[in-house]
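Engineer: Below is a structure I'd like to ask you about.
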Amino acid sequence: MKSKSILFSEKKNIRKYDPSKDVFEWEHEFKYKISGISRIDDLVIITTSSIWGKNFTSLLSFETGEKFWEIQDVFYSIHIIDNTIIYVDKKKFFNGIDIRTGVEKFKVSSPFTWTTPKIILVKNIYYIFSAKKTYQLNINNGKVSETKLPNKIDPKELGVILDEFQININSMPSSDSGYVFIGDAGGGGDIAGGDAGGGGDAG
């Protein structure tokens with residue numbers, strides 16, 4: 001969904017500006033300073049940070065500015081599948097939440113103990129993998145099971161990935177396995193940023 005409107009923040013405030021009419025369509029004020037903004041279709045994902053180092057993620061409607069929810073967490077490597085947002089947190093847990101309510105559907109630790117895995121979405125199947133092992137994350141209940149990537153995809157040869165979700169949402173910044181908030185890219189580390197072939201696999 002393309003738009004000529006512009007989103008920008010001023011400290012704790014975010015505004016949607018229509019340059020053709022020179023008007024603000026809506027604005028929303030947060031309790032803490034805004035540190036990251038992303039738009040995926042009609043969804044606006046905002047990160048805010050307090051002076052005590054607490055981070056929050058909020059979801060707004062791009063069309064109306066309505067705030068759906070706020071969660072005390074930073075979202076890394078975001079994928080949206082049906083009505084579920086899947087993201088990796090600072091402790092490298094995989095989280096699934098309802099896109100409209102923010103209610104947690106699952107929270108599961110990475111199947112890799114030492115390796116920083118990569119993520120790829122193929123035919124709505126969420127793969128977590130290294131050069132040695134591949135797992136599938138069940139997006140309905142968070143269960144992780146060992147599997148294999150499609151035959152033509154060699155995990156040992158993969159570098160940077162732009163998967164089917166990111167190609168569909170090609171306006172959003174991405175790492176090799178999803179979205180990383182620019183405002184907090186240095187905090188806690190992105191699970192997609194490491195070498196999937198290094199270290200030892202879990203199990």
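Engineer: To one decimal place, what orientation-averaged projected area in nm² is obtained for the convex hull of the Cα set of segment 1-127?
Structural biologist: 8.9 nm²
Engineer: A follow-up question, please. R0 = 30 Å: FRET efficiency of Trp52 with Lys107, Cβ-based, nearest 0.05?
Structural biologist: 0.80
Engineer: Shifting gears a bit: What accessible area, in Å² to the nearest ten, does a 1.4 Å probe give for Trp26?
Structural biologist: 20 Å²
Engineer: Simple spin-label model, 7 Å along Cα-to-Cβ: Asn138 to Ser3 in nm?
Structural biologist: Here the answer is 3.7 nm between the modelled labels.
The values are calculated or read from the model by the stated rules, or taken from the named source; none is laboratory data. Just so we're clear, the structure is a prediction, and the values are computed from it rather than from any experiment. When we count neighbours, we look across all protein chains shown, and the Cβ atoms used for this are built from the backbone with ideal geometry, even at glycine. All accessible areas refer to the heavy atoms of the entire protein, side chains included, with ligands and DNA or RNA removed. Shrake-Rupley method; radii C 1.70, N 1.55, O 1.52, S 1.80 Å.
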